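So the structure is just underneath, and the comments pick up after that.
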Amino acid sequence: MAVLWFTPLTLLLLLSFSSAVRSCPPSDLAALLDFKSALHESHDGIFKSWTGTDCCSNWRGISCDRNSRRVAEISLRAGPVYTTFEKPYRPEYISGYISPQICKLTYLSSLIITDWQGISGEIPPCISSLSFLRIIDLTGNRISGTLPADIGKLRHLTLLSAADNLIAGEIPATLTRLTGLMHLDLRNNKISGPIPLNLGQLQMLSRALLSGNQISGPIPASICHIYRLVDLDLSNNHLSGPIPEDLGRMAVLSTLKLDSNRLSESIPASLLGSGISELNLSHNMLEGSIPDAFGGSCYFTLLDLSYNNLKGPIPKSMSSASYIGYVDFSHNHLCGPIPSAYSNTDASSFAYNDCLCGKPLKAC
Ligand SMILES: *[C@@H]1O[C@H](CO)[C@@H](O)[C@H](O)[C@H]1NC(C)=O
């Protein structure tokens, strides 16, 4: 019976099977070639490897699903920038735009196109139909336009980063349906409008970085219910209103940057007795006194309350904090003695207040 294995028919079957393994689906191949033709490389680099009919093997930046042989990942990260004679030099450079043809790669799970600086145009809105997408990382390009309005359809998305681009418009309301999202980074764009009030629905979120935009309105209290949140950076925006008190009651929040906004009212006492280690509230319109709420569990590597309208004394409890590395209370209206535990601090940390005294400033 073994003879059967070598009939011409079986040979033919074997051959066609192995050649199928060596080429990717023609529709994926065509989509990738369209994607490539919308981009331009300054030197032959990545795209030089995009030849032949098997986009699944040896095409730099492309990986396919083992079983389906469909394109699962596009990962084009710019190499390091070298500095020669003080001039930054980038050996690889890609310009152009992201073709909407990538939306034909229906099995795509990661789209990573980072740090090329030269890629412009908008994020093709049709990417919200790529239902297997888990990762979108477009950091460090010149992408403009808005975020796709129905981005909330991407139920498997865990990482959305479009930091350091020129994206404008509002944060789409549907974003809060991305309930698997762990990492949101939209820093340094031109995003305006409010933070969606129900952002707290993103229960898996551990980093929410929205700094360096033109976001306005209040800090939604719902954020305080994201109990996995470690890092919240809303600095350099136009946020107004009070700081939600429950931000100081979050289980694992360790970095809270709210600096350079228009936040008002007083500093919630909870923030000073929390597990936060980096707290920057500088350049706001905060008033009242610094809460007398430091305790033995306080461990601040950075505590910056400078450039506000804080009044009154430096609270006595500050001496009981177990560690405060960098402190800046300058440019407020504080008055009274500086606790002796801080007498070796740089004078600039306490300068420009109404009447603070004692070391490192002049004697009371
Ligand atoms: C705190 O924020 C201000 C304003 O955005 C910034 O200038 C300052 O460097 C930050 N402080 C620290 C210690 O990083």
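Throughout, read-outs are computed from the coordinates displayed, never taken from laboratory work. No experiment lies behind these values; they were computed from the predicted model shown. Here Cβ is always computed from backbone atoms with ideal geometry, including for glycine, and neighbour counts include all displayed protein chains.
Couple of notes before you dig in:
- The chain, dipole about Cα centre (Lys/Arg Cβ +1, Asp/Glu Cβ -1), debye to the nearest 20: 720 debye
- Dipole of the range 65-357 [Lys/Arg +1, Asp/Glu -1 at C-beta], most positive-end residue of 235, 112, 175: 112
- DSSP-defined beta bridges in the chain - what % are antiparallel, rounded to 5: 15 percent
- Put simply, the Cα atoms of the chain extend 101, 49, 40 Å along their principal axes, the longest span coming first.
- Between residue 352 and residue 245, the simple spin-label model (points 7 angstrom out along Cα→Cβ) gives 3.1 nm.
- The angle between the Cα long axis of helix 26-37 and the longest principal axis of the Cα atoms of the chain comes to about 50 degrees, rounded to the nearest 10.
- Calculated [θ] (222 nm, deg cm²/dmol) that DSSP helices of n ≥ 4 give over the chain, each run adding -39,500 (n - 2.57): -2500 deg cm²/dmol
- Angle in degrees between helix 8-21 and the longest Cα principal axis of the chain, rounded to the nearest 10: 20 degrees
- Each Cα pair under 8 Å and six or more residues apart adds its separation to the average, and for the range 237-364 the resulting relative contact order is 17 percent.
- Loop-located chymotrypsin sites (Phe, Trp or Tyr not before Pro) in the range 240-337 (DSSP state other than H, G, I, E, B) with a sparse environment of at most 15 neighbouring Cβ atoms within 10 Å are absent.
- Furthest towards positive pole of dipole, 336, 129, 71, structure part the range 65-357, Cβ charges: 71
- Lys, Arg +1 and Asp, Glu -1 on Cβ, resulting dipole of the range 221-364 about Cα centre, debye, nearest 20: 240 debye
- Ranked by how many other beta carbons lie within 10 Å on average, peptides 345-351, 98-104 from highest: 98-104, 345-351
- Put in line by how crowded their Cβ is, counting other Cβ atoms within 10 Å and starting with the fewest, 204, 250 read 204, 250.
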